[in-house]
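S.K.: Have a look at the structure that comes next, please.
The values are calculated or read from the model by the stated rules, or taken from the named source; none is laboratory data. Just so it is clear, the structure is predicted and the values come from calculations on it, not from any experiment. Using ideal geometry, Cβ is built from the backbone for each residue, glycine included, and neighbour counts are taken over all protein chains shown. Only protein heavy atoms, including side chains, enter the accessible area calculation; ligands, DNA and RNA are left aside. Shrake-Rupley method; radii C 1.70, N 1.55, O 1.52, S 1.80 Å.
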Amino acid sequence: GWGDKIGSLSPGQIADITVLRMEDQNVWLEDSQGQMRCVKQVLRPAAVFKDGDQKRISQPRLFPNKAYPASVSFQRWKQLVIRDPTRDIDLSTEKQLRSMESLPALKPFDLYHPTASTVSSKPLAWTESLQDLNPVINCCGHFSSLGGSALHPRALQAMQAISGSFVDMNALQLQAGKRIAHLTQAPPGYSAFVTTGAAAALAISVAACLCRESSTFASRLPDTSGLKRIEVVVDGASDLRWIQSLQLPGAKIVKIGSSVLPMTETALKTAIGPRTAAFVYFVGGSTASLKLATILKVAHSNGVPVIGDAAARLPPRSNLHSLPASGLDCVIFSGGKVIRGPQTSGFFIAHQWLVDSAFKIAYPNEASVCRPMKISKESIVGLVAALEDFVSRDEDYPESPNRVAIRLSELLEEVADANISTLARVRVLTGAQAKLTDVQPNDHNLVFVDLVDTVPYSRQQLSLRNSNTHSGSTNLYGDGVDHSSPLVIKPTNIPTWVAAKLASCADENSVSSKTARRRIALNTSKNGLILNPILLGMDDVEYVASRILAALRALSKAPNPRL
């Protein structure tokens with residue numbers, strides 16, 4: 001009796017209709033076997049009609065499936081392996097679950113939440129016509145100007161999982177700090193604090209020390225009037241490129257020593273006094289520095305905390321524990337380098353009093369000099385997820401980059417013709433052997449391509465655009481390339497001329513942008529090229545070698561190129 005009433009959309013008929021809209025979106029879903037799968041499209045209800053009237057759209061919570069949770073299902077499906085070609089992962093179900101369950105006090109994100117934003121299947125389509133955004137092969141290292149590192153898939157998963165939810169940022173920061181302290185085996189009485197990078201960690205930790213005696217000053221910084229301790233002491237012979245971060249909250253910098261006259265214990269005792277808020281120690285900086293034990297003894301005897309900047313001092317992984325255990329009151333690490341968290345992430349492990357002080361100074365506090373250093377919920381959970389993998393996986397350093405360096409040097413020597421052999425010489429040395437203190441870590445092999453009869457080198461003659469200007473005396477890694485913009489090179493000598501060739505994406509034999517080549521970022525010295533293989537994949541070694549040899553052949557035909 002319903003044949004003339006249902007099954008038709010003609011006017012006057014009863015309508016129970018759901019209109020679905022297909023959207024392009026990269027999301028992670030849990031399938032019926034407890035596996036995490038990446039899908040490219042989702043169906044979302046666009047409109048609902050009941051008895052001819054439009055109703056409010058209700059969306060069920062389908063993730064996770066509480067009636068059949070993955071934590072139960074994986075007990076019976078341990079042998080299942082995820083192999084999604086859309087992601088660079090191959091993790092067992094158990095590992096995937098642990099990566100999700102390891103974030104304490106985080107509620108699962110409802111992927112079908114109506115406020116979740118959609119993502120185009122081609123989110124970077126607007127970059128396709130821009131040659132200066134062509135993919136870069138990184139032979140420099142963990143440069144922030146090149147994107148830091150490749151984001152870990154687990155970090156991406158955690159970031160996406162929380163991206164559509166609202167959370168208490170203070171609670172998330174607190175729980176993340178506890179988790180990081182546990183993962184790094186922090187000493188008793190220490191916790192951790194997540195920041196928007198190591199430079200932000202310097203500013204926040206210094207601000208915390210300035211306001212140690214009274215948190216009421218937190219809303220007044222950088223105005224330090226009324227504060228007893230406003231000075232921050234540093235070793236004048238260390239790498240002082242980051243000194244502005246110390247000055248942001250209003251601290252007065254006191255430098256002791258220089259590369260000519262290294263800091264002495266007597267000078268340190270004289271400099272530290274009742275006005276000193278902190279000593280900042282750049283871990284692995286000047287080789288002429290005092291021993292850390294001596295610095296700690298002098299500072300602590302005067303009630304002065306010591307902040308250790310270890311932003312790029314991973315690996316070895318043991319530094320996560322050994323540096324705080326050494327007696328440093330605060331140790332800063334980058335999250336976007338070897339750890340492979342978001343580039344806009346870092347953290348410090350510190351005494352609880354310093355972390356408590358940071359909570360009163362940093363975001364989300366509104367009346368604070370550190371408010372602009374806003375950390376997102378995505379960066380916090382992404383960092384923790386990446387750190388969990390970093391501390392648990394087998395450490396393949398320096399063996400992995402060493403293999404790449406050896407293969408690259410072999411290709412350069414095997415393919416080189418007579419003209420190139422007389423022009424260039426290939427050497428393989430560790431950063432430590434080459435005394436490049438700014439290469440961190442520096443226990444792995446670097447590839448040096450020394451160029452014969454290069455244009456006489458003078459640092460003063462180099463354009464400021466290509467030189468690193470800083471007030472310290474660290475033996476900088478790559479004097480001829482601006483670390484802030486390593487692909488924009490103004491040739492001033494033979495090494496930078498070759499580097500500029502490699503940094504170019506244009507194919508000189510074609511006018512078509514479709515034949516544009518991948519750009520190669522590397523460093524130069526007064527003697528030639530420096531290639532750091534720590535982020536170079538074995539699949540790209542042959543391409544890099546061929547591009548270098550092509551540039552050297554061009555150089556052999558024009559030994560005095562126009563600079």
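S.K.: Keeping the other protein chains in place, figure out the carbon and sulfur percent of the accessible area of segment 239-382, with a 1.4 Å probe.
M.R.: Carbon and sulfur atoms account for 56 percent of the accessible area of segment 239-382.
S.K.: Below 15 angstrom from the Cβ of LYS291, what's the summed charge of the other residues (Lys, Arg +1; Asp, Glu -1)?
M.R.: Numbers: positive: LYS269, LYS297; negative: ASP235, GLU265.
Result for the neighbourhood of LYS291: 0.
S.K.: Structure shown: which of LYS252/LYS297; LYS435/LYS501; LYS252/LYS526; LYS40/LYS337 lie over 31 Å apart, alpha-carbon to alpha-carbon?
M.R.: In this structure, LYS252/LYS526 exceed 31 Å between Cα atoms.
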